[in-house]
Amino acid sequence: MKSTGPRGPWGGGRIPRPPPLFENFGGFRDEPVGPHPVANVQVIFKPEQFQPVVEWLMLHRDSLDVLVHPLTDNSVDDHSIYAMWLGSPVPLKLNTLRRNYRAELLPSA
């Protein structure tokens, strides 16, 4: 999710805090990171959580733009051809991505 200021959209009270289904909250990034040209929030969830998580994001994202993508073995494809946007797509810097994710970026089993 695109941030709206320090500590992101939740810190500013713009949208409600997410429910417990967001079990792997990667934190706020107040500055651009990697392919993301704007501040953002990282949330990782399991495939079986897709429906409730994405539904919550749809209903509570306000005017924020949200990128939803899988974690396959190809980070470039995940951020481009497999990407789903809620709101307006934000052009990503795909040339900054490694083809494979670093192990620390993947959720633990």
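The values are calculated or read from the model by the stated rules, or taken from the named source; none is laboratory data. Bear in mind the structure is a predicted one, so any value in this text is a computation, not a measurement. Cβ sites come from the backbone with ideal geometry, for glycine too, and all protein chains shown count toward neighbours.
Points to keep in mind about this one:
- Put simply, of VAL53, VAL33 the only residue that is in contact with a Phe, Trp or Tyr (Cβ under 9 Å, 6 or more places away or on another chain), at pLDDT 85 or above and of a type in the set (Val, Ile, Thr) is VAL53.
- Residue in the range 52-67 that is nearest to GLY87 (Cα to Cα), counting only those that are part of a loop (DSSP other than H, G, I, E, B) and among the charged types (D, E, K, R): ASP65
- Among the residues making up the range 74-90, a single one is within 13 Å of the chain's Cα centre (by Cα), surrounded by fewer than 14 Cβ atoms within 10 Å (Cβ to Cβ) and farther than 18 Å from GLU55 by Cβ: PRO89.
- Residues considered: ARG14, ARG61. Of these, the only one that is of a type outside the set (Phe, Trp, Tyr), modelled with pLDDT of 65 or more and buried (at least 16 other Cβ atoms within 10 Å of the Cβ) is ARG61.
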